[in-house]
1. How would you rank 62-73, 99-110, 81-92, highest first, on the average number of other Cβ atoms within 10 Å across their residues?
2. DSSP loop (so not H, G, I, E, B), at most 15 other Cβ within 10 Å: list which GluC sites (Glu not before Pro) in the range 23-60 pass both filters.
Amino acid sequence: MTSSFYNNVQEDYILKDKYDKEYIRLFSRDPEYLFTYWEVNNKLYYENDPYLCLYQIDENTPVDIKINHRTDNWYLHVQPDRQYMITLGYLKHNTFYPIISSRTVKTPRNRPSDYMDEHWMTIEELSTYSFRVEMDTMSLVKNIKSREMLEELKADSYSLVYKLD
């Protein structure tokens with residue numbers, strides 16, 4: 001194989017720095033820190049003073065954080081066991097103009113769980129669940145149809161439904 005083959009392969013797997021999209025993501029790093037990253041293409045954003053606005057949902061008290069245009073991520077010191085949302089925007093004539101906002105994120109507690117006798121799922125119970133990956137979260141979704149079918153089979157009352165064309 002020639003070196004041009006390897007060069008082409010390497011070019012195919014180079015990650016882009018920018019994707020020409022506008023988004024902001026917010027993650028809980030630990031009980032006291034959040035991490036956010038973003039990409040913005042708004043012309044007014046680059047012509048004015050850029051700001052992050054952190055909202056604590058419970059208290060509805062925004063915190064403004066002045067950033068610069070070269071920044072595309074930020075760590076935020078927060079309180080444990082609270083819900084937060086962040087908005088990226090710009091300040092013009094002492095007015096904040098939002099561009100994009102994140103989903104709400106809850107920070108974990110900074111102490112052990114209050115649950116002492118937690119009920120853990122068995123392999124059989126876990127098999128009735130399926131995973132769904134969303135943009136910011138991974139959620140466990142119960143497969144209701146298969147569960148209903150299993151219960152009907154156990155009760156010897158499974159009903160067949162035919163689709164008429």
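1. On the way: 62-73: 11.6, 99-110: 15.2, 81-92: 18.1.
Packing proxy ranking, top to bottom: 81-92, 99-110, 62-73.
2. Numbers: sites: E32, E39, E47, E59; in loops: E32, E59.
For GluC sites (Glu not before Pro) across the range 23-60 that sit outside H, G, I, E and B with at most 15 neighbouring Cβ atoms in 10 Å, the list reads E32, E59.
Every read-out reported here was derived from the displayed coordinates using simple, explicitly stated rules and does not represent laboratory data. For clarity, every value in this text was computed on a predicted model and none was experimentally measured. Note that we place each Cβ from the backbone using ideal geometry, even for glycine, and neighbour counts take in every protein chain shown.
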